[in-house]
Amino acid sequence: MATIKDIAEKAGVSPAAVSRILNNDTTLSVGEETRKRVLEAAAALNYKPTRKRNVNKTTDMYEIGIVSATSQEDEVSDPYFMAIRLGIEMACSKLPFKIKTMIYAGNSSSFEELKQLDGVIVIGGIEPSSVQEYCHGHKNIVFINHLPETGEYDVVASGLDKAIEDVLNYLMDKGHTKIGFIGGYDMYNRLNDSQSLGEVPDIRNIAYEKVMKEKKLYRPELVQIGEWGATGGYQLMKKFIEAGTLPTALVCASDQMAIGAMRALHEANIRVPQDLSVIGVNDIEAAEFLNPPLSTVRIHTDEMGRTAVKLLYDRLKGREIPIKAVLSTKLMIRDSSSTPNK
């Protein structure tokens, strides 16, 4: 006997959308082409509806999953990803969404669970087709913090390229011309494979290089790329110190890297900001409590999560055109940055 999921797979829509179309839900906004495709699929499969258990139910409870490219341990150590997830959970609590499964990178969760869901939100760098193969052909997938090569899916991102441009313009206005950069690579993985598909340049690094070359200020010896996190920032800053190629200002791709870099500078008796200005990215809670308080770029991570939920809900209600939402950032100037020491 044909089921709702059989129809969904044949018509290329979510099971929830099929249910609402077959039940003539007047609150569902869906194109006539999609509605016709569902009805034709139901007829072709000779679908026979079962008796409803609750004839008074007017709202579907959508079951969704969250897939994170980071591990549970990394989420704890890096509040960036945790803030996104909490934003998702808060938004779901205000909509007819139930988070049915949460899959972290490197855990033993069954990806088969995704096949039973109405939609999926992906946090981080996971290859789109490896998620799609578990989603019965529907496009109810939203990617956060990663831009798929395909334009088929909804994407939520922060304007990190514009943020780095703002940071560099601020430092140049302060008189800095010898501006360094430390960062890491983006990792690109398949959902069902723990092996990385390779490292790709991070958008912050790309933006830094672009602006500095346009200003004819780019110097490759002032760029260090390595491991993310405070330890990575510490080690990369040590390389600058040992090589004797210190900039007058340093842009760090994350606040954690900035914290590590500031520790290395403190050990070497290099003063921040008198000898070297430091600016991070993220504006984690600890940033304003450092000594000196860290200048940084505020990323609205919780809003990224909420926006992803809104986009997914809109998809489930029938929108077929993919949307890319780019959230603005805010430069937070504190005491770790100033004019260069003459």
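The values are calculated or read from the model by the stated rules, or taken from the named source; none is laboratory data. Predicted, not measured: the structure shown is a model, and the values here were computed from it. Neighbour counts run over all protein chains shown; Cβ positions are idealised from the backbone, glycine included. Remember, those area values only see protein heavy atoms, side chains included, never the ligands or the DNA or RNA. Shrake-Rupley method; radii C 1.70, N 1.55, O 1.52, S 1.80 Å.
Applying the condition of being farther than 19 Å from ASN282 by Cβ and touching a Gly at 6+ places or on another chain (Cβ under 8 Å) to segment 215-234 and asking which residue is most open to solvent (accessible area, probe 1.4 Å) yields VAL223.
For segment 303-318, the set of residues classified as hydrophobic (A, V, I, L, M, F, W, C) and either loosely packed, with under 15 Cβ neighbours inside 10 Å or within 21 Å of PRO15 (Cβ to Cβ) (or both) consists of ALA308, VAL309, LEU311, LEU312, LEU316, listed by residue number. The condition (being among the β-branched types (Val, Ile, Thr) and either at pLDDT 75 or above or closer than 30 Å to ALA258 by Cβ (or both)) is satisfied by just one residue among THR59, THR70: THR70. Taken over segment 237-254, the criterion of being in contact with a helix residue (DSSP H, G or I) (Cβ under 7 Å, 6 or more places away or on another chain) and either at pLDDT below 95 or not charged (D, E, K, R) (or both) is satisfied by MET237, ILE241, THR245, LEU246, PRO247, ALA249, LEU250, VAL251, CYS252, ALA253. Within the option set ILE103, ILE84, ILE66, ILE99, being under 18 Å from TYR153 (Cα atoms) and in contact (Cβ under 8 Å) with a residue 12 or more places away in the chain holds for one residue only, ILE66. The C-beta contact set for segment 319-342 (first residue exposed (fewer than 14 other Cβ atoms within 10 Å of the Cβ) and among the basic types (Lys, Arg), second residue part of a loop (DSSP other than H, G, I, E, B) and at pLDDT 90 or above, distance under 9 angstrom, 6+ apart or interchain) comprises LYS330/ASP283; LYS330/ILE299; LYS330/HIS300; LYS342/GLY175. Evaluate segment 141-158: report whether one residue or more is surrounded by 24 or more Cβ atoms within 10 Å (Cβ to Cβ), at pLDDT 90 or above and assigned to a helix (DSSP H, G or I). No, that holds for no residue. Here PRO247 clears all of (1) open to solvent by 10 Å² or more (accessible area, probe 1.4 Å); (2) over 26 Å from ASP74 (Cβ atoms) except the condition numbered (1).
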